[in-house]
Amino acid sequence: MEENKTKKGEELLAEVYRNCQLALQSIDNILPETADEALKAEIKAQHEEYERVSGVAARLARDKGIELKEPGAFKKMMMWGSIKMSTLKDDSKSHIAEMMVQGTVMGVTALRASLSEAEADIDDELRRLAEELLKSEEIFEERLKAFL
């Protein structure tokens, strides 16, 4: 049972970290394309929260002796290309907000699935971190909808 708890905890921690890293990469790619100052401020605030959660996840991993993997260069390149092509066609505030909402929804979905899969087999600190990220992403989604 303890081994199962450890494995599921590692998988959830990896998902939290991956979620944050992909969000940070997307934000870094989309910020230069964002002209609207209010939207830019919202996206920067999200970046700060993802940085904070990512740091906590990295600390937890280090404390538990878990090696976390960064998203691969190919994945990062594909995200960059996708964002550049999409904003080349339409760099309006509403389109950028829509892209951010779509990314956030993907993150929420992946995190919910990982949390559901882990169920009771994770420690409280990790559960709190995952639930905190989930709540933050749900708030981000609602705040971004104001820009649609």
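The table that follows gives values for the structure above.
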read-out: Odd one out for Ile66 among (1) surrounded by 12 or more Cβ atoms within 10 Å (Cβ to Cβ); (2) part of a helix (DSSP H, G or I); value: (2)
read-out: Search result, residues across region 69-91 that are farther than 13 Å from Ala14 by Cβ and surrounded by fewer than 13 Cβ atoms within 10 Å (Cβ to Cβ); value: Gly72, Ala73, Phe74, Met77, Met78, Gly81, Met85, Leu88, Lys89, Asp90
read-out: Out of Val101, Val105, sole residue that is assigned to a helix (DSSP H, G or I), surrounded by fewer than 20 Cβ atoms within 10 Å (Cβ to Cβ), among the aliphatic types (A, V, I, L, M) and in contact with a Lys or Arg (Cβ under 7 Å, 6 or more places away or on another chain); value: Val101
read-out: Residue check for Leu88: in contact with a Gly (Cβ under 7 Å, 6 or more places away or on another chain) and more than 21 Å from Arg143 (Cβ to Cβ); value: no
read-out: The lone exception for Ala58 - which of (1) at pLDDT below 95; (2) within 18 Å of the chain's Cα centre (by Cα); (3) of a type in the set (A, V, I, L, M, F, W, C); (4) surrounded by 14 or more Cβ atoms within 10 Å (Cβ to Cβ) it fails; value: (1)
read-out: Per-region count, region 71-128, residues free of Cβ contacts under 8 Å to residues at least 12 places away in the same chain and closer than 20 Å to Glu42 by Cα; value: 5
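The values are calculated or read from the model by the stated rules, or taken from the named source; none is laboratory data. Bear in mind the structure is a predicted one, so any value in this text is a computation, not a measurement. Every residue, glycine as well, gets a Cβ built from its backbone with ideal geometry; the counts of neighbours run over all protein chains shown.
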